[in-house]
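Report on the following structure.
The values are calculated or read from the model by the stated rules, or taken from the named source; none is laboratory data. Computed from a predicted model, the values in this text were never measured in an experiment. Cβ: placed from backbone, ideal geometry, glycine included. Neighbour counts: every protein chain shown. To get the accessible areas, we keep the full protein, side chains included, count just its heavy atoms, and leave off ligands, DNA and RNA. Shrake-Rupley method; radii C 1.70, N 1.55, O 1.52, S 1.80 Å.
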Amino acid sequence: MYNYYFDIAAIIVFVVLIAMILSKKHIIDSTFKILGNLAWIAFLATLLDLISIYLINNRMHTGLTVGVNVLFFMSHMVVTFLFLMYVVSQVEMSETRTVLRKVILYAPLAVCLVALILTPFYDIIFSYTSEKGYEAGPLHFLVYVIAVGYFIWAIAYSVKYRKYLNRFFITMIILVGIINVLGFVCEAIWPYLSMRSFVVSMSAVIMYFFEEQTCATIEHDTNLVGKEYLAEVGGRMIINNYPFSVILIKMSNFDALSDTFGHNNTNSLAKSIASHVGHKYRLGRCFRITEATIAVLNTDVDKTKDMTQQLYDELSDSWEIEGMDISCDILMTECTYPEDAVDFENITSIIRHFDKLERNAGGIIDIDELHINEQIRIKQVENAIERGLNNNSFEVYYQPIRSLKKDTFVTAEALIRLTDPELGPVSPAEFIPIAENNGTIVAIGNYVLETVCRFIADNDMEKLGLHYIELNLSVIQCLQKDFIENIESIVGKYDIDPKYLCLEVTETASNYSPAVFKQNLETLGERGYSLALDDFGTGYANIERMVTSNFRIIKFDKEMTQYSSSEERLQQVFEKLQNVVHSMDSQVVAEGVETKEQYDYLKEIGCDYIQGYYFSKPVPQDEFVDFIRANNV
Ligand code: C2E
Ligand code: MG
Ligand code: MG
């Protein structure tokens with residue numbers, strides 16, 4: 001006798017689940033739709049299972065029992081198939097599915113369904129008579145093999161594409177896998193328990209909670225979905241190499257209208273515009289990015305230009321706010337995958353920059369105007385910095401600096417280097433400003449300071465003839481609240497005398513917050529660090545600042561060095577400035593010395609130190625130590 005308690009429990013679970021799914025009509029994910037169908041059909045399978053148990057237990061009418069069992073098997077097969085489709089649809093899209101792919105997916109199900117339809121006539125899968133009861137047929141194994149096959153396929157698919165699947169999904173699949181295996185084991189031990197449907201119902205509940213966490217909901221008044229869903233759909237298209245375009249629409253006078261008509265009125269106008277677009281295109285293809293910006297995802301790439309123009313004409317018409325007709329400045333652009341973007345991050349940055357673009361007038365602009373390549377490069381460099389910090393792939397190189405009075409190398413400048421596995425070598429001139437913008441400069445600065453301190457601690461500076469090492473501080477570092485404590489803690493860790501460090505700053509630092517900057521430099525000076533003013537002569541050379549701050553060294557920028565050695569008028573400026581520096585008891589480092597002429601000229605005018613390719617490029621630490629050993633004795 002079969003036990004039906006688990007089936008009753010499953011029926012209750014399904015009723016509640018289907019009610020919950022029906023209450024979520026505004027969810028538009030295709031995967032949620034598959035889950036809905038799965039729940040319905042599994043509910044039907046359970047009902048049929050119950051009826052079948054009743055009929056078999058009571059040895060009822062043969063034809064009816066066979067029919068019910070056939071339907072039960074069929075619905076059960078469809079459920080396993082839908083489970084696979086549910087998993088596959090997390091990555092694939094129905095648009096991109098080839099005929100062959102469809103055949104591979106549907107064929108086992110089709111074979112099984114045909115075998116089941118023929119079963120009442122040929123007893124292929126099973127036979128049933130009230131005398132003999134239920135008996136397995138020659139192809140009985142088929143239903144199990146295909147059902148288990150679909151299930152294993154789904155699990156294997158999630159493992160294969162795990163990098164495209166999110167954490168929730170993986171957890172969900174693991175839970176569903178465990179429950180099904182447990183159910184299978186239980187049924188093997190206690191076959192009369194009939195737990196199949198209950199296991200399916202519990203799996204569906206777990207899937208439902210996963211969907212609820214991640215699915216896109218539609219905004220009632222506009223028919224639009226959120227931007228997260230754009231990332232999901234667009235991301236899926238990119239995984240499948242499916243071309244598409246994104247049309248971006250922005251109310252560029254949103255802020256101005258808000259000032260005049262109030263934020264609420266302007267937002268409802270934005271909603272009217274969004275709703276106009278939302279009702280024009282397929283559900284789930286229009287996205288609200290921000291209050292003022294919407295995106296339309298279009299798979300008919302050839303029509304993008306026409307669609308953009310048509311939308312622009314429609315939306316640039318006058319709209320009503322508070323009974324007044326006003327015109328809206330509609331700004332639009334479009335981008336296409338794969339022409340304008342290689343991954344979804346590119347598209348995200350196009351959207352972000354379009355959204356931020358300040359323009360008072362409307363119009364259709366080319367995405368080139370967003371300078372997206374530069375933005376993409378910035379993003380790539382940001383990623384490279386992140387990787388560099390995580391994988392310790394930054395390095396510190398040293399460029400020797402020669403004293404012209406002593407004719408030896410008395411110091412060196414520490415210069416950071418980054419070689420990224422994807423981008424190759426990235427120049428500090430490029431990544432330092434980016435790191436300054438996103439705040440990672442603090443970690444980079446700490447790394448350089450730490451490496452230099454370790455170098456000083458590990459080497460006998462006196463023996464090498466080195467007085468100190470110069471290192472660059474960024475503006476952003478100098479303005480941090482815990483700037484001094486931070487430096488002191490790193491230097492303290494290596495127990496180094498601050499006299500071995502010379503900190504280079506650029507004068508732009510003082511433009512941000514002159515008082516803080518000055519105070520910090522004074523404190524450093526008091527604690528025994530030397531200070532150098534870097535790149536003097538570039539930008540706005542502020543003589544006053546040079547004179548009033550306690551810089552031990554002023555580094556004349558390489559352009560100044562290079563022009564002065566060849567141009568007479570500049571030579572006079574160079575020499576006069578050098579005199580000013582000397583009169584303050586400071587010394588000059590001429591940067592960028594590349595030729596013998598430059599060297600001779602600087603020696604002749606009594607320059608203190610020179611740094612440049614003429615002697616050495618910046619080199620790795622070991623090479624630098626070898627260089628110093630070879631040249632300083
Ligand atoms: P900087 O501090 O003025 O460094 C001197 C730059 O001139 C270095 O470029 C150096 O390689 C280059 N240089 C030296 N001699 C010559 C020469 O004879 N000819 C020419 N054409 N160039 C020469 P690098 O290493 O690319 O660094 C560029 C800038 O990046 C640095 O300019 C500095 O502002 C910044 N930087 C480098 N490392 C760090 C660091 O660790 N922290 C911070 N905050 N900034 C750094
Ligand atoms: Mg420097
Ligand atoms: Mg410099």
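Shape verdict for the stretch 1-103, please, from the Cα gyration tensor: rounded (a/c under 1.5), prolate (a/b greater than b/c) or oblate. Verdict is oblate for the stretch 1-103.
Backbone phi angles across the stretch 417-423, fed through the Karplus curve with coefficients 6.51, -1.76 and 1.60 (θ = phi - 60°), yield HN-Hα couplings of 10, 10, 10, 9, x, 8, 9 Hz in residue order; Gly and Pro are listed as x. So how far, in whole Å, is the C-alpha centre of the stretch 109-143 from the one of the stretch 212-254? Answer, in whole Å: 47. The coefficient of translational diffusion for the stretch 86-208, derived via Stokes-Einstein from the alpha carbon Kirkwood radius under 4 °C and 1.567 mPa s, stands at 78 µm²/s. When the Cα convex hull of the stretch 52-157 is projected onto planes of every orientation, the mean area is 7.3 nm². When the alpha carbon gyration tensor of the stretch 201-249 is reduced to an equivalent ellipsoid, the three semi-axes, largest first, read 26, 18, 7 Å.
Here's the picture: charge each Lys and Arg Cβ at +1 and each Asp and Glu Cβ at -1 in the stretch 125-249, and of A136, S197, Y150 the one pushed furthest to the positive end of that dipole is Y150. Rg and Dmax of the stretch 566-622, both derived from C-alpha coordinates alone, stand at 12.6, 41 Å. In units of the compact-protein estimate 2.2 N^0.38 Å, the chain shows a Cα radius of gyration of 1.42. Each residue of the stretch 183-193 was assigned a 3J(HN,Hα) from its phi angle through the Karplus curve 6.51 cos²θ - 1.76 cosθ + 1.60 (θ = phi - 60°); the sequence is x, 5, 4, 4, 5, 5, 6, 10, x, 6, 6 Hz, with glycine and proline shown as x. Charge tally for S268 (other residues, Cβ to Cβ under 11 Å; Lys, Arg +1; Asp, Glu -1): -3. Note on K596: aspartates and glutamates with a C-alpha under 20 Å away, same-chain residues under 8 apart excluded, are D407, D557, E559, E567, E568, E575, E604, D608. For the stretch 516-522, the Karplus equation 6.51 cos²θ - 1.76 cosθ + 1.60, evaluated at θ = phi - 60°, returns couplings of 4, 4, 5, 4, 4, 5, 4 Hz by residue, with Gly and Pro reported as x. Other residues whose C-beta falls under 15 angstrom from the C-beta of P425 contribute a net charge of 0, scoring Lys and Arg +1 and Asp and Glu -1.
Taking every DSSP beta bridge that has both ends in the chain, the antiparallel portion is near 65%. By the helix-only formula, in which each DSSP H run with n ≥ 4 contributes -39500 (n - 2.57) and the sum is divided by residues, the chain has a 222 nm mean residue ellipticity of -18500 deg cm²/dmol.
The modelled label-to-label distance between K617 and K576, using points 7 Å beyond Cα along the C-beta direction, is 3.7 nm. Entry comment: accessible area of the chain is 48 Å² per residue, from protein heavy atoms only and a probe of 1.4 Å. With viscosity 1.567 mPa s and temperature 4 °C, the Kirkwood radius over alpha carbon pairs of the stretch 316-436 converts through Stokes-Einstein to a diffusion coefficient of 70 µm²/s. Surface composition of the stretch 78-228: carbon and sulfur atoms hold 70% of the protein heavy-atom accessible area at a 1.4 Å probe. With bins 10 Å wide beginning at 0, the percent of Cα pairs of the stretch 222-357 falling in each bin runs 12, 45, 32, 10, 1.
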